[in-house]
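Okay, so here's the structure we're looking at.
The values are calculated or read from the model by the stated rules, or taken from the named source; none is laboratory data. Small disclaimer: the values here were computed from a predicted structure and weren't measured. So basically every Cβ, Gly included, is an ideal-geometry build from the backbone, and we count neighbours across all protein chains shown. With ligands, DNA and RNA removed, areas are computed over all heavy atoms of the protein, side chains included. Shrake-Rupley method; radii C 1.70, N 1.55, O 1.52, S 1.80 Å.
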Amino acid sequence: MRVIVAGGDGYLGWPQAMYLSRRGYDVCVVDNFCRRTWDLECGTDSLVPIWPLQERVAAWRERTGKTIDMAIDDLADYGFISALVCDFHPEAIVHYGEQRSAPFSMIDRRHAVLTQVNNVVGNLNLVYAIKENNPDIHLVKLGTMGEYGTPNIDIEEGFIEITHNGRTDTLPYPKQPGSFYHLSKVHDSHNIQFVCKIWGLRATDLNQGVVYGVETDETKLDERLATRFDYDGIWGTVLNRFCIEAAIGHPLTVHGKGGQTRGYLNIRDTMRCIELALENPAEPGEYRVFNQFTEQFVVSELAQLIKEAAVHKGMKVDIRSIADPRVEAETHYYNAKHTKLIDLGLKPHMLSETLIDSIFDTVQQHKHRVKLDRIASLVNWRNASNQVGYGSVSAKADEDRKPLKAVAGTRGASRRR
Ligand code: NAD
Ligand code: USQ
């Protein structure tokens, strides 16, 4: 099968491209490297060194004899994406190519707008490119469990049957997202559902939970094939952050009461879920939603699990509650259904000491690269103008915000090249 992986230079997109290539798919990755640019802006970096995409692809060919094609451009450029779909003839598009950090989207107005324009426009361009070139292409779109928020009832997979004033209907499950990023995913879902209805497109919207882990069978083959591993307060997700914090002797940063419950899955299961969606495509006109996670954890329970695994390896670990920088329920009911991918054949990797140990092994190897001043959660949801830059950049931004405009200009210039 021929597949475009949009966002194929990212944490999940790059290992996904290799995973599919190894199993005989013809893969083309699309990326404009905006994530690498955002790292430069935020002073953040992957814990594990990541090679340029061109070198990754060359190393993949050297190791496996297989080719992964590359297309370097912005999904916001419709001419580019439409020409690519026309030339590459994909049967499916896996769409990972969005701004994916909730804190980044909550920095200030510019980052909220950037997130929603980047995500909503890129996704709209993809569905138009499908409609215009081959409406039979299956769109496999990465959404998020955070679209649902934390309602006080069970969370269904996409739809809920409601009886109101004596009449019954099956309706999209109510959405209560908790950041401008999570909101962008809701907008995407609505747009995708709409085009399935009006144009008969086929789409799978994967409401994925928080991903953890850094190793797949493919990333292990060569250090040049490693994927990124974020730990900072903007891009790092909670379980990955706790592992790194434990390894460097930093207290585990539990937000508030730590009663926030979320769905989690190992990066290896992400790879397999996409394969399952591709192997079992939606029907023409069908918009389907799978909840893509394997286990639920309460944040405080997760901190305790990581602490126990770390202590077992001889580390000394403290858990510290810090004032929650987000506006979110710190304790709440949470019970989300997630049977559809299991029914298709997913065999989950459950979080165990072995899995935590393998993350610790990677962290030990690279912990000298940790930038200690990037660990704090610097973005507060209650502020409309957070400062996350370094020294003089922050001071200047306080004064007249020119440095942020300068950064925007740099990105625009690199895109035009
Ligand atoms: P990432 O930031 O590591 O990768 C995203 C990639 O997309 C980057 O390489 C970036 O350069 C590229 N990209 C973004 N906008 C683009 C554009 N306009 N044109 C071309 N390329 C663009 O993120 P990730 O962790 O790999 O997440 C991938 C997807 O999975 C995202 O949509 C995210 O919302 C979703 N997701 C991630 C997690 C998680 O825990 N990491 C959980 C649930 C859902
Ligand atoms: N949290 C802490 N301490 C930390 C970091 C986070 O207690 O140091 C808490 C947060 O307050 C939150 C929970 O842990 O309650 C999860 O936070 P996170 O940063 O791990 O995840 P989130 O911001 O929701 O975003 C991540 C990915 C995003 C994806 C989402 C899936 O960055 O792309 O969509 O997970 S979900 O959470 O299911 O919506």
Once a ≥ b ≥ c are taken as the square roots of the eigenvalues of the Cα gyration tensor of the chain, is the result rounded (a/c under 1.5), prolate (a/b larger than b/c) or oblate (a/b not larger than b/c)?
rounded
Per-residue ellipticity at 222 nm attributable to helices in the chain (runs of n ≥ 4 DSSP H, -39500 (n - 2.57) apiece, nearest 500 deg cm²/dmol) works out to -13000 deg cm²/dmol
Could you check how much of the accessible area of the chain is carbon and sulfur, as a whole percent, using a 1.4 Å probe?
52 percent
Mean accessible area per residue over region 46-109 (1.4 angstrom probe, all protein chains present, square angstrom) is 40 Å²
Report the label-to-label distance for H332 and N134 in nanometres (one decimal), using points 7 Å from each Cα along the Cα→Cβ vector.
4.1 nm
Dipole magnitude of region 99-143, debye to nearest 20 (Cβ charges: Lys/Arg +1, Asp/Glu -1, about Cα centre):
180 debye
Only four residue types carry charge here, +1 at the Cβ of Lys and Arg and -1 at the Cβ of Asp and Glu. Report the dipole size of region 134-238 about the Cα centre in Debye, rounded to the nearest 20.
420 debye
For the chain, share of DSSP beta bridges that run antiparallel, in % to the nearest 5:
20 percent
Given H placed 1.01 Å from N in the peptide plane, which residues other than close sequence neighbours of N386 have an amide H under 5 Å from its amide H?
D108
Accessible area of S358, 1.4 Å probe, to the nearest 10 Å²?
40 Å²
Percent antiparallel among DSSP beta bridges confined to region 27-174, nearest 5, equals 40 percent
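Per residue, how much accessible area does region 332-387 have with a 1.4 Å probe, in Å²?
With all protein chains present, region 332-387 gives 57 Å² per residue.
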Loop-located trypsin sites (Lys or Arg not before Pro) in region 121-201 whose Cβ has at most 15 other Cβ within 10 Å (DSSP)
none
Cα-only radius of gyration and Dmax that characterise region 1-78, units Å:
12.8, 39
Each label point is 7 Å from the Cα along the Cα-to-Cβ direction; what then is the distance between the points at V311 and T168, in nm?
5.1 nm
Simple spin-label estimate for V117/D343, 7 Å along Cα→Cβ, in nm, reads 4.1 nm
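Restricting to Cα pairs below 8 Å that are 6+ residues apart, what does the relative contact order work out to for region 180-288? Please round to a whole percent.
This gives 44 percent for region 180-288.
Once you have a ≥ b ≥ c as the square roots of the Cα gyration tensor eigenvalues for region 159-289, tell me rounded if a/c is under 1.5, and otherwise prolate or oblate according to whether a/b is larger than b/c.
Oblate, since a/c reaches 1.5 and b/c is not below a/b.
Once a ≥ b ≥ c are taken as the square roots of the eigenvalues of the Cα gyration tensor of region 116-191, is the result rounded (a/c under 1.5), prolate (a/b larger than b/c) or oblate (a/b not larger than b/c)?
Since a/c reaches 1.5 but b/c is at least a/b, the shape of region 116-191 is classed as oblate.
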Chymotrypsin sites (Phe, Trp or Tyr not before Pro) within region 291-342, DSSP loop, no more than 15 other Cβ atoms inside 10 Å
Y333
Run the numbers on the chain and let me know its relative contact order in percent, using alpha-carbon pairs under 8 Å that are six or more apart.
20 percent
Compute, for region 1-108, the length of the dipole vector about the Cα centre, with Cβ point charges of +1 (Lys, Arg) and -1 (Asp, Glu) only. Units Debye, rounded to 20.
600 debye
Dipole check, region 114-159, charges on Cβ (K,R +1; D,E -1), about Cα centroid: among T150, I137, L126 the Cα furthest to the positive pole belongs to L126
For region 207-247, list residues with backbone N below 15 Å from a point placed 7 Å from the Cα of A376 toward its Cβ?
232-234
Considering amide H positions built from the backbone, and no H for Pro or chain starts, which residues 5 or more places from V29, or on another chain, come under 5 Å of its amide H?
V5, D69, M70, A71
